[in-house]
Every structure is written in C-alpha cells, then in structure tokens.
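Here's the structure we're looking at; comments come further down.
The values are calculated or read from the model by the stated rules, or taken from the named source; none is laboratory data. Remember, predicted model here, so these are calculated numbers, not experimental data. When we count neighbours, we look across all protein chains shown, and the Cβ atoms used for this are built from the backbone with ideal geometry, even at glycine.
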Amino acid sequence: MPEQLLYAMEVSLNGLMAGIMYALVALGFVLIFKASGIFNYAQGVLALFAALTLVGLQQGQVPFAHVINAIFGTDLHHFGWQLPGLVAIALTALVMVGLAILIERLILKHLVNQAPIILFMATIGLAYFLEGLGDVMWGADIKKLDVGLPQGISEMIDTFTFNLFGYGFFIDRLDIVAAVVATALVAALTAFSQYTKYGRALRAVADDHQAALSVGISLRFVWVLVWSIAGFVALVAGIMWGSKSGVQFSLSLIALKALPVLMLGGFTSIPGAIVGGLIIGMGEKLFEFFAGPMIGGATENWFAYVLALVFLVFRPQGLFGERIIERV
Amino acid sequence: MFYREAGEFKTSYVDDSQTFPIKFDRMRYYAVLVIGFGIIPFVINDYWANAVFVPFLIYAIAAIGLNILTGYCGQVSLGTGGFMAVGAYACYKLMTAFPGMPILVDVLLAGAVTAGVGVLFGLPSLRIKGFYLAVATLAAQFFLVWLFNKVPWFYNYSASGQITAPERTMFGIAVTGANTPAWAKYLFCAVVLFLLAWLARNLTRGTVGRKWMAIRDMDIAAEIIGVNPLTTKLSAFAVSSFFIGVAGALFFAVYLGAAEVGEAFGIQKSFLILFMVIIGGLGSLFGSFAGAAFLVLLPVLLKNVLVEGMGWPTDLAAHVELMIVGALIIVFLILEPHGLAQLWRVAKEKLRLWPFPH
Amino acid sequence: MNAMNSEGYTTADGRKIGGVMMEMKNITLRFGGVKAITDISFDIREGEIRAIIGPNGAGKSSMLNVISGFYVPQEGEVWFHGQRRAPMKPYEVAQQGIARTFQNIALFEGMSVLDNIMTGRLTLMKTGLFQQAMWWGRAQKEETAHREKVEKVIDFLEIQDIRKTPVGRLPYGLKKRVELARALAAEPKLLLLDEPMAGMNVEEKEDMCRFILDVNDEFGTTIALIEHDMGVVMDLSDRVVVMDYGKKIGDGTPDEVRNNQDVINAYLGVAHD
C-alpha cells in the first residue's frame, strides 16, 4: 500500500477519535437546547469548571485560597489529603448538580419567556462568571489531571497494523478510552430519554413547553435535570480533555469546536451531534494533512466552520433536520 | 417640569420627524456637542484619553455597526472581531502602500473594504437563519484571524507578525504614531464618530431602516409586501461592516498603534461588542453609546477599586473582574432585557408627566 | 344575471365592472404528496369584489398565497393584465401592484403604526442607500411626500390617534385595521384580504365592511377576499368562488352560489331523504 494512503488512514482514525470528543461536548449543547431552547455557550466553561473542581478536590486544595490570602494575609493552599479518583469524580458530579440547581434558581427562573438571544447572552455571562469563579476558587495555573486513565501509544494497534501494512499506526490509548466512554454515554442517554419517566418528560418539554406544562410536567425540574446531565457530560469531557492536555483555560475553548458540529448535525438531533462530530473530526484532520502544508497550517481553527457553513448553504436544515415549509 | 412637548406645535412633516422632537432634548444634544468638541479636547490628558475616551468613541462606532445588523436587521453576528481586523489590516495596507493619502481617506476606505468582505460573509444569511447564522458568522471570525496571521503579505512580512501604524498627520498634527497628542487622538475619533452616527441616524429613520426592521420583525411578511430580502440583508451587512471596519481601523491606527491580530481582534472582541449592543439596547442608536460607555467604564472602575483600593494582586483582580462582569451581565438581562435605552425611555416618559403623574 | 362578456358587466347597484384583470388557469398546488389545490380556474375582474369561500382546509389561503406569489403552483398558469406571469419572487409580485393582509396578523411588532404603514410604500420609494445616508435633499423630500399619502390613508381608516403607538400595544381589531392601512398605502391595483373580519365583534365587522366597500368605491381598487362570515360575503361581494377539498365547486354571483346544490352539500352535508 502506498505510504500516503497509510498516513491518511492513520490521520482519519485520529480524526474520528477527536470527533468523538467533539460529539461529547456537542451532546451537552443538544440536551439543553432541546429541553429549553437555550443555546448554552457556557458548555465549554462547564467542562473547564468541572475539571478544575475535580483536580482541586482530588488534590485537597483549599477553595478560594487566593482571595482568603489576599484579604487576611494568610498562606493557605492545601488541606493535605489526596482523594482516590472515583471518589473525587463522584463529588464533582454532586457539585455539578448543585451548580445546575443554582443556575436554575438564580438565572433561568427569571428569564422565562425571554427572546432566545437574551438567553444566549445570559449563558455568555454565565461563561464569564464560571471562568472567573474557577480561577478564583482553584487558581489559574495549568494543572495535571490524573484519575488513572491509560495513556500513551496503544501497542496493540501498533503491532496489529504493523503486521498488516508494515506500518504501525499511532493511536493514543486515552483516545480509545474516550471513544468507548462516549459511546457508552450516548447509549445511556438514549436509553434514558426513551425508556424512563423523566426521559419522556424531557422529550415532552422539548416538543412543546406549554403542552408539557398543561399535563403536569414541572418545567423547573426538567431544567435542573438537563443542566445536571449537561454538567455530567461536561465533567466527562473535562476528564478526557484534561487528562490529555492538562486543565487550563484553553479547555473551555472546546465549546468552539462543538459549534460547527451542531450546525452540521442540527441543534436538536443527538445522532446529528455524533455523526457531525465524526465528520468534522475526520474532515479537519484530513484537510490539515493534505492542504495544511500548502497554505500555512493551523487550518483546524476555521476549517470546521467553513465546512459547516458551506454544507448549510446547500442544506439549511442540517444533516438530520426535516425540510422546512414556510407559512404565513 | 421643563421636559414637555406641550406648547410645541409641529406644522410640517419635516418638523414632526426630526431626531429630537422635544426642545429640551435638542438643547441637551447641543450641550453634549459643545462639551464633546469644545471643552474635552482642551482638558483631556493621556490617562483619560487612553483608558476611557478613545476606546469609548471607537467601541461606540463598532456598537452602532453591530446594532444596525443585529438590532435593526435582526441578523445576529459573532464575527465583529474578524471584521474589525479587516478594517485594521486594510487601513495598515493603505497607509503603507500610499503614504501620501490623507489618514481620514485611509480609514474610510478601510471601512469600504470591510463592507465588501461583510457582504461576502453575509451571503449565507439568505439561506441560514437564527442561531445557525450566528454560528456561521464565527466562520468569518476564525477564518479572517487565521488569514491575517498566516499570510505575511498582510503584515508586510514584518518579523514579529505585528502591524505598526506609521505617523500620519492632519492639518500638521499627528493623529497616528507614537507622537500623537492625547487631544488629537480624541478629536479625530470624535469627529469620525459624529459623522458616522449622523449617517446611521439617517439610514435608520428612512426607507432603508424600515426595510431592515421589517426583515427583523417578520421576514416572510416583509418579502410579501415588497421587500427584497437579498438586497436588504446584504445592505445591512455592508453598512454594518463599514462601521465596524472603520472602528477596527481606528482601534489599530489611533488607539493601539501596533496590533497582533489574535490578541486585538479575537473572539472576545466579538462578544464584547455584542454585549455593548445588548446591554445598551437592541435597535437603538442611543443604546449603542450607552452600552459602549458602560462596558468601557466598568473594568476601569473595578480595576481602580480592586487593585488600587484594596491592594489585590492584578491576576486575582482580573479573575474577580471576570466574575463581576459576568454576573452584572446576567443581572442586567434579568432586570432590563431591553437595555439601557429602555431605561432611558421609561425615565423620559416619567419625566414628561412629572410632577403630576396621574 | 347581468350580461357578462370580455368587456365586463354592470352590477345590481350600478357599478361598472371591467375586463379580466387576473386569471388563474388550471392551478394545481402540492405539498409533498398532499394536493392543496386541484385544477382550479377562475378570474378576477377590474373593479370587482371577489370572494373565495369554503370550509376549513379547503385551500383558500393557499390560493391567496399562489396569487401573491408566496407559493408556486406545480401546474397551471397565472395571467395578470393579459400577460402570463413568469414564476417570480413574492416581492416582485408586490411590485406589480398586488398587496395583501394576512389571516394571522403579520405586522412588524417592533415598529410604530406610522412606520408600519410607511412600509406599505416601500415599493414606491426610490431613493438609494447613499441618498438616504445624506438625508437632506432627495431622501427627506421623498419621505415627506410619502408621509402625506400615508396620512391620507390614516385619515381614511380613522386611526389618527394611534399613529405613533408601537404596534405591539394595540388591541386585535385595531391591528387588523393597521394591516389594511399598510396594504392600502401601497396603492395596489389588486388587494388581497385573508379573513379581514376573523375574530372581530359585530361593530368592528361593520366598520371593516364599510372600509372595504369604500376602498372599492373611492379608489376603484379590485379586491379578492377570503371570509368565513357568510352574511358578510354575500353582502359584500360581486362574485364568489366556492372551494372544497382543494377543488372548485361553485362560481358565480352570491345568489347563484347560494342556490348551488354542491355548495349546499359542502356546507350542510348531503341530505338523506
């Protein structure tokens, strides 16, 4: 097999892995958008906040140490304990649920029936706030996140492909774990929304707020529920991305990666988010591989957007949306 | 008690449709002009120019531009930073390619170039609507920033990848470059803002503005009563981008002096200007001014209180500032989703009836 | 029945009705597999008030949407002023002098009553972007001239006192009237009214009837309207088209239609003896 083709295959595989991560973030968006019509820009910052909290709890950091030190002149930093990864994850999940309740109480409750743009703006405000809060609570330095996930090259795939093609593919084991976890998460979410009482309530609200209210579904409960789930999805995404490249501000930028995925797949479609993620992950890696060197590289910054844009011009309803019939 | 329309009779449609139909408003407007052009230039110093006035004037131009697109025509854009970059780089290329050209012409031409780019990125708006369009405009943001970073022609192959504004003068006084006096920066920006605000007012009160608003309020009905959606949306993109391009040119040439595209015109800038428009009030020119003033003053104020007043380290203060700005935006949206302009309108209504509200 | 030929006819109350202004020939409109309109032909004459009636879901609104260019029929031809109309965008149809109102009010909620009515004249205003930006001179002159015309419409429909009110604050009946004003401001040759009296009380209906008759009488505007209130339709219109399940089941003067067995069946159900 020609070398170029082998490289391209390796790149596509890596792209698919990255795509799964994009899909994971996009999933959080879709859940909230479906249930409340809110375009939640803060999804990426939620992931950052979750990862920061996870590291902080695991390492036994004193929250708000910076502020306390600045005001009282003390020198606090750590409690001096280390938590096992799973315990820390469980605690962080609780924190995310608490955050969801607070968001509903303090923000969403007061913004019912506002225009979508206002709600969108509010989530940008929320993103600013959480970003600042995360830094103030846990410090702004780059942190290492290690909850015991395997890392490094997958020997198995390396050997397998070497025997097959005479060229070993480089696939990170973390990516494989991420792919497995993401698939499990999607399956769990689908099962939840199809087969449980709360899942049905969620779908009812997504379909029609008023009608759902009139049959006795509590809108506020559903909102807390979706924000909690979105917070949990953000936590998973935060763990994966954080383990890979450290916990730092740039983690919140994965939200920007998820947006073109949403455009491609449609804001309300879970399968759309996944297929869109895969297409964009693979597309941008391949484009960078073939065209990047010719036009200066770093095309990943914009390729996904331009791809989604061009796609939408020809199919405005997205991959899985239904054709829009306009009425007067 | 002075704020009344009683006793002022309009005898022509021209009188009836003037910008400030109430005499007291007119007086206040003239007073602002006198203070802005007759007093501030003589008392301004470097700190006030650089920290408050010049950024306020430039952001006000950008906010008016975005308000035309988003507030008047209903097309949400997150690409403002990218379009400002187009203005900045066009201005830089014009300044260096034609050193003899007057700086005002450079700035206006930079706006015209941006208008062209804006129309190009506005084309998808015919097929894509709502949040899909908002996300699509991010394509402009990221692509343009990448382009100015990667293509050395745009920054004249400078080693640092930065663009630096050479000195240009008007009537013998430097308005760009290192030797510019504070008052000249201020006055130059103030004149441009005044001109552009006047243009914006004219456009929004007449046929063009009504077409924009018709598309915003109900695009299908607008098309059926005879509004061509293609030309209307594209004209909004063009005018809006012109304003934003001029703002970008001024931001680089007059305010910063030297700029690196990712830092000066990143996505944060897009959000900042969108916030100005939302907090100020969608579809209101006054709101654009108010929103720009609010978001320019707020960080200055917070910095003074936290760093100088309470002696906190700068990085911590920056994070707390982020929290406060975020929280304030949310509180603001909850209390008055129609922005400062609406507060102002309500206050005026009350004032007209004061002191006998019933 | 009055003598009807290509030259027109005279109505019972002595109004002169002219030749054919608009002719629909064998129109068929489908949405996916659903036929909304099946092979319908009828004409609208110069100066006449033409009603389209039928039960819910008969395809009346779709028909109006075909006339105003919002839907393009899969089969059939639309003839306007003796010329076959090429498929065109809705705004081009509006520029030919066809204005309309909507079943669910479609006013621009963010604008004042005056601005809403001024939008009716957009097809007639000609200054470009640059003249607008300069304002003084042509743009202002044009604005004032058109404002005068709009004020006449405002007087005609008796809505002087709400001129500067934001449309969002108006009650339903007034909104309907403002919508009519917006359509009239365009000085249309053909005015399409989609259920102009839906949801109104008796008094408001009477007002609206008076306005429709006055428009037809004073400006000579040709009117095609959809209405559910049978009494109103029979009083107002010169000729009536009756639709049911997307097909035409009757066409003629109110009296003819009233006695048409198919129409009676459609409205009252078939009698079993």
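Based on what the data block shows, is residue A:170 surrounded by fewer than 17 Cβ atoms within 10 Å (Cβ to Cβ) and free of Cβ contacts under 8 Å to residues at least 40 places away in the same chain?
Details: surrounded by fewer than 17 Cβ atoms within 10 Å (Cβ to Cβ): yes; free of Cβ contacts under 8 Å to residues at least 40 places away in the same chain: no.
Here the answer is no, as residue A:170 does not meet what is asked.
Take the residues in the stretch A:206-220 that are at pLDDT below 80 and either in contact with a helix residue (DSSP H, G or I) (Cβ under 7 Å, 6 or more places away or on another chain) or of a type in the set (Ser, Thr, Tyr) (or both); name whichever of them is nearest to residue A:237 (Cα to Cα).
Within the stretch A:206-220, the match that is nearest to residue A:237 (Cα to Cα) is A:206.
Would you mind finding the one in B:278, B:330, B:324, B:334 that is β-branched (Val, Ile, Thr), within 10 Å of chain A (Cβ to nearest Cβ) and within 13 Å of the chain's Cα centre (by Cα)? Break it down into steps so the answer makes sense when it comes.
Values: B:330 fails: within 13 Å of the chain's Cα centre (by Cα); B:324 fails: within 13 Å of the chain's Cα centre (by Cα); B:334 fails: within 13 Å of the chain's Cα centre (by Cα).
On inspection, the qualifying residue turns out to be B:278.
Restricting to the stretch B:225-261, give me the number of residues that are crowded, with 24+ Cβ neighbours inside 10 Å, more than 15 Å from the chain's Cα centre (by Cα) and over 20 Å from residue B:215 (Cα atoms).
Within the stretch B:225-261, residues that are crowded, with 24+ Cβ neighbours inside 10 Å, more than 15 Å from the chain's Cα centre (by Cα) and over 20 Å from residue B:215 (Cα atoms) number 4.
Can you tell me which of B:236, B:214 is within 20 Å of residue B:75 (Cα to Cα) and touching a residue at least 60 places away in the same chain (Cβ under 8 Å)?
Residue meeting the stated conditions: B:236.
Out of the stretch C:30-49, which residues are free of Cβ contacts under 8 Å to residues at least 60 places away in the same chain and not β-branched (Val, Ile, Thr)? It would help to see each step written out before you state the result.
Let us first name the residues in the stretch C:30-49 that are free of Cβ contacts under 8 Å to residues at least 60 places away in the same chain, namely C:30-34, C:43.
Scanning the stretch C:30-49 gives C:30, C:31, C:32, C:33, C:43.
So how many residues does the stretch B:213-241 have that are facing chain C (nearest Cβ under 8 Å) and among the basic types (Lys, Arg)?
Residues that pass the stated criteria total 1.
Just one of the numbered conditions (1) under 30 Å from residue A:141 (Cβ atoms); (2) within 8 Å of chain A (Cβ to nearest Cβ) is not true of residue B:318; which one?
Every condition holds for residue B:318 apart from (2).
When you go through (1) assigned to a helix (DSSP H, G or I); (2) at pLDDT below 90; (3) farther than 30 Å from residue B:336 by Cβ one by one for residue A:110, which number turns out not to apply?
(3)
State the number of residues belonging to the stretch C:121-144 that are buried (at least 18 other Cβ atoms within 10 Å of the Cβ), more than 7 Å from chain B (Cβ to nearest Cβ), part of a loop (DSSP other than H, G, I, E, B) and free of Cβ contacts under 8 Å to residues at least 40 places away in the same chain.
Looking only at that region, the number is 0.
Only one of (1) surrounded by 22 or more Cβ atoms within 10 Å (Cβ to Cβ); (2) at the interface with chain A (Cβ under 9 Å from one of its Cβ atoms); (3) among the hydrophobic types (A, V, I, L, M, F, W, C) fails for residue B:310. Which number is that?
Exception for residue B:310: condition (1).
Being buried (at least 23 other Cβ atoms within 10 Å of the Cβ) and either of a type in the set (Asp, Glu) or not assigned by TED's automatic domain parsing to the domain that holds residue C:22 (or both) is the filter here; which residues of the stretch C:192-224 pass it?
C:194
Within the stretch C:81-104, which residues are in a loop (DSSP other than H, G, I, E, B), more than 9 Å from chain B (Cβ to nearest Cβ), in contact (Cβ under 8 Å) with a residue 12 or more places away in the chain and within 15 Å of the chain's Cα centre (by Cα)?
C:96, C:97, C:101, C:103
The conditions are (1) away from every other protein chain (no Cβ under 13 Å); (2) buried (at least 19 other Cβ atoms within 10 Å of the Cβ); (3) small (Gly, Ala, Ser), and residue B:283 fails exactly one of them. Which is it?
(1)
Looking only at the stretch A:98-117, how many residues end up being surrounded by fewer than 17 Cβ atoms within 10 Å (Cβ to Cβ) and hydrophobic (A, V, I, L, M, F, W, C)?
Going through the stretch A:98-117 one residue at a time, the tally reaches 5.
Among residues belonging to the stretch C:32-59 that are in a strand (DSSP E or B) and among the acidic types (Asp, Glu), point out the one that is nearest to residue C:191 (Cα to Cα). Explain how you work it out, then say what you get.
Initial filter on the stretch C:32-59 (in a strand (DSSP E or B)): C:34-45, C:49-53.
In the following step, the residues that additionally are among the acidic types (Asp, Glu) were identified as C:39, C:43.
Numbers: C:39: 23, C:43: 14 Å.
This residue is C:43.
If you check residue A:232 against the conditions, is it over 22 Å from residue A:173 (Cα atoms), outside any helix (DSSP H, G or I) and touching a residue at least 24 places away in the same chain (Cβ under 8 Å)? Talk me through it step by step, then tell me what you get.
Working: over 22 Å from residue A:173 (Cα atoms): yes; outside any helix (DSSP H, G or I): no; touching a residue at least 24 places away in the same chain (Cβ under 8 Å): yes.
The answer is no for residue A:232.
Residues are listed down the side, and each one gets a yes or a no for (1) surrounded by fewer than 21 Cβ atoms within 10 Å (Cβ to Cβ); (2) at the interface with chain B (Cβ under 10 Å from one of its Cβ atoms); (3) in contact with a Leu (Cβ under 8 Å, 6 or more places away or on another chain):
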| site | (1), (2), (3) |
| --- | --- |
| A:62 | yes, no, yes |
| A:69 | yes, yes, yes |
| A:72 | yes, no, no |
| A:77 | yes, no, no |
| A:80 | yes, no, no |
| A:122 | no, yes, yes |
| A:131 | no, yes, yes |
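Would you pick out the residues in the stretch A:197-250 that are β-branched (Val, Ile, Thr), farther than 16 Å from residue A:38 by Cβ and out of contact with any Leu (no Cβ under 8 Å at 6 or more places or on another chain)?
So in the stretch A:197-250, the residues β-branched (Val, Ile, Thr) come out as A:205, A:215, A:217, A:222, A:224, A:226, A:229, A:233, A:236, A:239, A:247.
Adding the requirement that they be farther than 16 Å from residue A:38 by Cβ leaves A:215, A:217, A:236, A:239, A:247.
A:215, A:217, listed by residue number.
So residue C:55 clears everything in (1) modelled with pLDDT under 90; (2) at the interface with another protein chain (Cβ under 8 Å from one of its Cβ atoms) except one condition, right? Which one?
Result: residue C:55 passes all but (2).
Being within 9 Å of chain B (Cβ to nearest Cβ) and surrounded by 24 or more Cβ atoms within 10 Å (Cβ to Cβ) is the filter; apply it to the stretch C:108-120 and report the residue that is nearest to residue C:62 (Cα to Cα).
Top of the filtered list is C:120.
Got at least one residue in the stretch B:145-159 being outside any loop (DSSP other than H, G, I, E, B), within 14 Å of chain A (Cβ to nearest Cβ) and in contact with a Lys or Arg (Cβ under 8 Å, 6 or more places away or on another chain)? Before you say what the answer is, go through the steps one by one.
As a first pass, look at the stretch B:145-159 and keep what is outside any loop (DSSP other than H, G, I, E, B): B:145-150, B:152-155.
So of that shortlist, the ones also within 14 Å of chain A (Cβ to nearest Cβ) come out as B:145-150, B:152-155.
Right, trim to in contact with a Lys or Arg (Cβ under 8 Å, 6 or more places away or on another chain) and you get B:154.
Yes, the stretch B:145-159 has at least one match.
How many residues are in contact with a Phe, Trp or Tyr (Cβ under 8 Å, 6 or more places away or on another chain) and surrounded by fewer than 16 Cβ atoms within 10 Å (Cβ to Cβ) when one looks only at the stretch B:164-180?
1
So, in the stretch A:289-306, how many residues would count as being crowded, with 19+ Cβ neighbours inside 10 Å and over 20 Å from the mean Cα position of the chain (by Cα)?
1
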